[in-house]
Amino acid sequence: MVKLKINGKKISTKKGSTILEAALDNGINIPRLCHDKRLAPYGGCRLCIVEIEGRRKPEASCATFATDGLNIWTDTPKVRKIRQTVLELMLVHHPLDCPVCDKAGECNIQDLAYEYGNPRTRFIAEKNHALPDTKGPLVELNSSRCILCGKCVRICAEHQGKGALGLIGRGFPTVVQPAFGEALECDYCGQCIDVCPTGALMSKTHKFEARSWSLEEKDTVCPFCGCGCTLTLGSMEGKILRSRGKEDSGKGERRQWSKPGEPMQQGKVWY
Amino acid sequence: METAVRTHAMLCGGTGCMASGTKKVKASLEEEFRKKGIDDEAKVVLSGCNGFCAKGPVMAVYPDETFYQDIRPEDVPGLVEEHFLKGRPYEKLAFKEHDKKISIPSIHDIPFFKHQVLVVLKNKGIIDPERIEDYITMDGYKALSRALTLMKPEEIVKVVTDSGLRGRGGAGFPTGKKWELGLKIKSDEKYVICNGDEGDPGAFMDRSVMESDPHAVIEGMILCGVATESHKGYIYVRAEYPLAVKRLQIAIDQCYKSGLLGSNILGTGFAFDLEIYQGAGAFVCGEATALMRSIEGKRGMPRPKLWRSAVRGLWDRPTILNNVETLANIPQIILNGAGWYRSLGTEESAGTKVFALTGDINNVGLVEVPMDTTLRRIIFDIGGGITKKKRKFKAVQLGGPSGGCIPGEFLDIPVTYEAIKQSGAIVGSGGMVVMDDSTCMVNTAKFFLDFTADESCGKCVPCRIGTKVMYDLLGDICKGRGKAGDIEILEDLSEDIIDASLCGLGQSAPNPVLSTLKYFRREYEMHIHDKWCPTGVCSDLSTFYIDEKLCKGCGACLRACPTDAVTGEKKKPHKIDQEQCLHCRTCWDTCKFDSIKILPATARNAGHAEIRHLAEMVTAGSAGFRGKESVISSQ
């Protein structure tokens, strides 16, 4: 076990875990957009930055090991300022089309902007106005809302072993796309939609069906095959409108291939 | 068996000289030798980069040690007649100091070469880089045989540590320390990587080293393999360096043939394999972790540094990555000892450093100097000073897009890692861009931000969007849309980008802006508040005006103007029609009498008296930013 201090609170965590993991395990929240516990540390969004006493510069907590004796502060004025700037930068191009975005209400970037946001940007905004890519049958790619956290790309490649999405181009004009900008044709497991922190990847069938807060959600078992994955169904007025895999839901330990919150394949979209 | 020849004409075969026509000169030289019947005693050899790129194609004749520059095929008959037959230097092509008539034929008397100390480049222009025999003649692979037969890995690491050699790629991390870590870690496989992904604008040190002495790099890599007990190496070179790739491949093939690479090097049983990996030319792939991902065949993006590369690098194995120049230093250090290397340079920054000298300077080229040499010596003695006579030195840009601009008051600092860092720039990989006083510093900062914004991989937010936002702000300032408070936004944002970015590219991207803001803040303020680019580079922020008192009516500007905006009779003061003027600055560059003044953009519509008044102020040097009040009140 490793013993360290976060925000003055003494905590212990298992060896080899990152500062972010240690904090989350001990009920300390650190804002983040590109982290997923199933994926290798990425260090892209820079929101999980924390100050470590004795270090020259703040460090990304998702990409720094928790080691003995560290004294970490997760919410100093300096750290808050950096988070504010990072969010301000994201909103330089992220359109504020929340009124017509199905993600609104459960959108990570919306929540963070609510907490840290500055309503007036100091910078020259250059909103993306690319039309959504609706070529695929079930998934809609709205690149103008994308903040390039890369979670969809990584979950598809690292976790599902599929690699149907990739980062194309570099720098500011980078986009997430299937190869050669063709229609997304994959197994439609929907993991990319579930991990997307904004409304960049959305279910086509659910588009404009219901606001997220008006859905009543219930966990159930997917009836598609014998694997028994947990599904979370969202319904309104007795009609099922959405299914998704919720993080940490389900009794995944029963079967190796259906881990918590990871419904397999078709079951999800063919409700 | 090759027969010995009387004289060698070492014609520069570096990329720069090749572009200036080396191949044609070589053909005509050989043709001329045949005609005169001396082709059995004189031989033309294509050497690596000679370093004096400004005057290419260049040639050094040995054993006479005579240097010729600017050789054109039509000059060849005269040259052969004079030098090779009559045995006297051919004055026409000999080096002449800027604006002086006296020619200096001997290579050792030319200031450009005289002040240099060659360690890494010791074989430049002396050997044929495509022949391993030439390299061996110059003590090549002697260090390797000594290391393999007489030294333990720990001893090699100790020599490198004691020499004080630091990474020449930019950050200056002690090489010995890196190797020590690499040796300590046990693994089934370890890798040695040579970073030849040189990408700074205006830098060509690594390219020239790889082109002129590829075996030195290879020997350095094998030595690193011996010292860290690794058996596989990669040379990562960008595909834009085809000549370097070609020569390295030739050298590697020769090494395999001669038993210097492979499973049993020099019969000692030590195995080392070497492979070239061609990068696709992304600047970020010069960053160690991005480079390794690129070799793995993945998208070249830096990874967070949970582990040092020496612990988990390429294919998750310990990897020791060194810059081209660092590795080329190694054979010399092993051969001559740590003490010898330490005797060059300073205590913290030992040895020599290669700089690529470019910009508004006479002797553009590659120079190698001990690290205690001052900037003044490099720029004025070796570099020959500023090209244009009427222009003055303004700043020198060091370290490329990660570095900064240093003004004149720092000319006497030595080029050590510490001193340069203190001044606000970095030594970096060694690009040295000299700028004269016709350079707009805001525009220069904008240029570098354009580069970093374009080359950002797009992974982390501060770099991907931050650099773009900074570029947009600078663009606005240069277009006359700057607002009060823009400077503060730039500074504030720079601070956050430096603190929050993932890799070195983002962490250093704001440096060009910060250093120019530090030393040339007034210029920014003039751009923003007076809408005035005092150098006339930003065309939206300048008005060109001919001072009637100074104009001699020579007509030079009139002839140069692309839009016929300049009018006037001969020997009488000319005038510029503001409607026609494109603000291209050609007239200002042409005028020999300093009669053209650059005024704020607002002067375009101002009255005659006001313009006159302003022009007088500019001449007196008293115009410019004055707090919140603009210079022109009428606007």
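All but one of (1) under 30 Å from B:M10 (Cβ atoms); (2) surrounded by 15 or more Cβ atoms within 10 Å (Cβ to Cβ) hold for B:R88, so report the exception by its number. B:R88 satisfies all of (1) under 30 Å from B:M10 (Cβ atoms); (2) surrounded by 15 or more Cβ atoms within 10 Å (Cβ to Cβ) except (2).
Within the range B:216-249, the set of residues being under 24 Å from the mean Cα position of the chain (by Cα) and assigned to a loop (DSSP other than H, G, I, E, B) comprises B:A239, B:E240, B:Y241. Might you let me know whether the range A:128-135 holds any residue that is open to solvent by 20 Å² or more (accessible area, probe 1.4 Å), more than 26 Å from A:A210 (Cβ to Cβ) and either within 14 Å of another protein chain (Cβ to nearest Cβ) or touching a strand residue (DSSP E or B) at 6+ places or on another chain (Cβ under 6 Å) (or both)? Scanning the range A:128-135, I find no residue that is open to solvent by 20 Å² or more (accessible area, probe 1.4 Å), more than 26 Å from A:A210 (Cβ to Cβ) and either within 14 Å of another protein chain (Cβ to nearest Cβ) or touching a strand residue (DSSP E or B) at 6+ places or on another chain (Cβ under 6 Å) (or both), so the answer is no.
Do you know which residues across the range B:428-439 are farther than 26 Å from B:T326 by Cα and out of contact with any Asp or Glu (no Cβ under 7 Å at 6 or more places or on another chain)? Steps first, answer last, please.
We begin by selecting, within the range B:428-439, every residue farther than 26 Å from B:T326 by Cα; these are B:435-439.
Across the range B:428-439, the qualifying residues are B:D437, B:S438, B:T439.
Any idea which of B:K531, B:K575 is farther than 19 Å from B:V442 by Cα, touching a Ser or Thr at 6+ places or on another chain (Cβ under 8 Å) and touching a residue at least 24 places away in the same chain (Cβ under 8 Å)? Sole residue among the options that is farther than 19 Å from B:V442 by Cα, touching a Ser or Thr at 6+ places or on another chain (Cβ under 8 Å) and touching a residue at least 24 places away in the same chain (Cβ under 8 Å): B:K575.
Which one is farthest from B:G506 (Cα to Cα), of the residues in the range A:151-205 that are within 14 Å of chain B (Cβ to nearest Cβ) and aliphatic (A, V, I, L, M)? Result: A:A179.
In the condition set (1) more than 7 Å from chain B (Cβ to nearest Cβ); (2) farther than 17 Å from B:Q507 by Cα, A:F65 is compliant with all but (1). Here A:V86 meets each of (1) at pLDDT 90 or above; (2) buried (at least 16 other Cβ atoms within 10 Å of the Cβ); (3) away from chain B (no Cβ under 11 Å) with one exception, condition (3).
So which pairs qualify, if the first residue must be in the range B:352-367 and farther than 17 Å from B:G170 by Cα and of a type in the set (D, E, K, R), the second must be modelled with pLDDT of 90 or more and open to solvent by less than 10 Å² (accessible area, probe 1.4 Å), the Cβ gap must be under 6 Å, and the two must be at least 6 apart or on different chains? Matching pairs, first to second residue: B:D360/B:V434; B:D360/B:D436. Residues that are open to solvent by 10 Å² or more (accessible area, probe 1.4 Å) and more than 14 Å from chain A (Cβ to nearest Cβ) number at least 1 in the following helices (runs of 4 or more DSSP H) confined to the range B:420-514: B:441-455. For beta carbons closer than 8 Å, sequence separation of 6+ or different chains, a first residue in the range B:197-219 that is free of Cβ contacts under 8 Å to residues at least 60 places away in the same chain and a second that is part of a loop (DSSP other than H, G, I, E, B), the qualifying pairs are B:I218/B:L260; B:I218/B:L261.
Against the numbered list (1) in contact with a helix residue (DSSP H, G or I) (Cβ under 6 Å, 6 or more places away or on another chain); (2) among the small types (G, A, S); (3) open to solvent by 10 Å² or more (accessible area, probe 1.4 Å), B:A171 comes up short only at (1).
Here B:C551 passes the criteria (1) of a type outside the set (F, W, Y); (2) open to solvent by 30 Å² or more (accessible area, probe 1.4 Å); (3) farther than 22 Å from B:L449 by Cβ; (4) in contact with a Pro (Cβ under 6 Å, 6 or more places away or on another chain) except the one numbered (2).
The values are calculated or read from the model by the stated rules, or taken from the named source; none is laboratory data. Computed from a predicted structure; not experimentally measured. Counting neighbours? That spans all protein chains shown, and the Cβs are built from the backbone with ideal geometry, glycine included. Side chains are part of the model used for accessible areas, which takes the heavy atoms of the whole protein and leaves out ligands, DNA and RNA. Shrake-Rupley method; radii C 1.70, N 1.55, O 1.52, S 1.80 Å.
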